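Working notes, structure below.
The values are calculated or read from the model by the stated rules, or taken from the named source; none is laboratory data. All values derive from a computational prediction rather than experimental measurement. So basically every Cβ, Gly included, is an ideal-geometry build from the backbone, and we count neighbours across all protein chains shown. Remember, those area values only see protein heavy atoms, side chains included, never the ligands or the DNA or RNA. Shrake-Rupley method; radii C 1.70, N 1.55, O 1.52, S 1.80 Å.
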Amino acid sequence: MPDVSALIQLGWKPYYQQQLTLEEWESATMGRVISQERGVIHVQTSEGRRSIHISKGMPAFAVGDWVVLDASGKFIRLLERLSLFSRKAAGTKVSTQLIASNIDTVFIVSSMNQDFNLNRIERYLALANEAGVEPVIILTKLDTCEDPDQYIEQINAMDRFLETVAVNSLDSDSVRKLDAWCAEGKTLAFLGSSGVGKSTLINTLLGEHVQHTSSIREDDAKGRHATTSRSIHMLPSGGLLLDTPGMRELQLAGCEQGVDETFREIGELAGQCRFKNCQHENEPGCAVRAAIESGDLDGRRLANYLKLMKEQELNAATLAEKRAKEREFGRYIHAYKKSKSGKK
Ligand SMILES: Nc1nc2c(ncn2[C@@H]2O[C@H](COP(=O)(O)OP(=O)(O)OP(=O)(O)O)[C@@H](O)[C@H]2O)c(=O)[nH]1
Ligand SMILES: [Zn+2]
């Protein structure tokens, strides 16, 4: 039987437990992927750390995944995920790159100054919704902001169901407002533009004495020392901070559902438009336009909804094109080499 409290510290939940057979629960080892590099995943189990070389037939992994290992540490299977951030290209399964999984909360960080931008927050919300992760809006630089309520009200007006917290990222007392999301076994991640205070917030959450860039030093299969940067960090509060570089570069691609969810009231209104394929431009009987005119819907929101929809479609298409070109080039090189070797 595994050490349940150690598993819970790693983020174990009934959802994963339910996927195990009784036999697995009694004899297998469960572990969480804490970092990934080319061809290897590093897994934290209740008994320690394991490095697993990825071989053919294994599924694609993401940092945050739960895996089942046998007694000798061999990979058995991947457990179904609760949430997943990925980079996608439309229609093509192979071009999905998995970034991070099983995150409970994503903190969308924005500063309360001239950089504050609702459109940008909505873009991050679409990513969070696409991934199936609960978003919380963190407004930073409370200490240098004269009128924080003005920003909080803008968020509330945009979506009254959103949880919003204003903090001074430099002050650990202020950051305690985030404790509820950082409790034992909870996995959290950050999204936000450069300079909004993500690193500052992370350092405050980690406490002064912990270095953020701690790394795993381990012997690999050939006995060499391999140093990899780990992507999951334990917070003193018991929470698990998932901070992988891929999160910072996430683009809106193939996120139609996430965008729709972020602007759900627009979808509801669109259902009342006279024409099913209404573009909400000049059509008669357009419920979306009517809501803007009556002041029920902010015109900015419709404009950003349309913009993000287009953006996610375009990005997915360009990704698919890029991959197709790469494949084509690969075939060309292959054919070229073959013709060369044939001439010898
Ligand atoms: N006064 C004040 N300064 C802050 C606060 N949060 C961040 N800063 C400052 O803002 C600057 C940028 O913060 P960072 O934490 O580096 O921002 P970041 O989001 O990590 O940016 P990248 O590292 O570029 O992704 C730093 O000088 C911080 O000290 C805050 O709540 N109050
Ligand atoms: Zn319409």
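Some values worked out for this structure:
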{"read-out": "Residue-span extension gain [residue 176 to residue 314] - 0.36 nm each, minus C-alpha spacing", "value": "45.7 nm"}
{"read-out": "Environment charge of residue 105, counting only residues whose C-beta is closer than 11 Å and scoring Lys/Arg +1, Asp/Glu -1", "value": "-2"}
{"read-out": "Accessible area in the full protein assembly, largest first, 1.4 Å probe, for 305, 332", "value": "332, 305"}
{"read-out": "Loop-located GluC sites (Glu not before Pro) in region 1-61, at most 14 other Cβ atoms within 10 Å (DSSP)", "value": "47"}
{"read-out": "Accessible surface, 1.4 Å probe, highest first, among residues 235, 78", "value": "78, 235"}
{"read-out": "Furthest towards positive pole of dipole, 131, 295, 154, structure part the chain, Cβ charges", "value": "131"}
{"read-out": "Cα-Cα over 26 Å, subset of 141/177; 56/325; 198/325; 56/186", "value": "198/325; 56/186"}
{"read-out": "The chain: most fluctuating residue of 275, 263, 107 per GNM, C-alpha cutoff 10 Å", "value": "275"}
{"read-out": "Descending semi-axes in whole angstrom, ellipsoid equivalent of region 4-80, from the Cα gyration tensor", "value": "19, 13, 12"}
{"read-out": "For region 256-343, the fraction of alpha-carbon pairs in successive 10 Å shells from zero, as %", "value": "15, 32, 17, 12, 10, 9, 5, 0"}
{"read-out": "Helix-only mean residue ellipticity at 222 nm for the chain, each DSSP H run of n ≥ 4 adding -39500 (n - 2.57), per residue, nearest 500", "value": "-11000 deg cm²/dmol"}
{"read-out": "For the chain, cysteines whose Cβ has no other cysteine Cβ within reach (under 4.7 Å)", "value": "145, 182, 255, 286"}
{"read-out": "For the chain, radius of gyration divided by Kirkwood radius, i.e. Rg to Rh on alpha-carbons", "value": "1.03"}
{"read-out": "Sulfur and carbon atoms: percent of accessible area, the chain [1.4 Å]", "value": "49"}
{"read-out": "Solvent-accessible area of residue 184 with every protein chain in place, 1.4 Å probe, in Å² to the nearest 10", "value": "100"}
{"read-out": "Considering only the chain, percent of DSSP beta bridges that pair antiparallel, nearest 5", "value": "65"}
{"read-out": "For the chain: accessible area per residue (Å², 1.4 Å)", "value": "54"}
{"read-out": "With all protein chains modelled, accessible area of residue 143 [1.4 Å, Å²]", "value": "90"}
{"read-out": "Rg [Å, one decimal], Dmax [Å, integer] - region 114-187, C-alpha atoms", "value": "13.0, 36"}
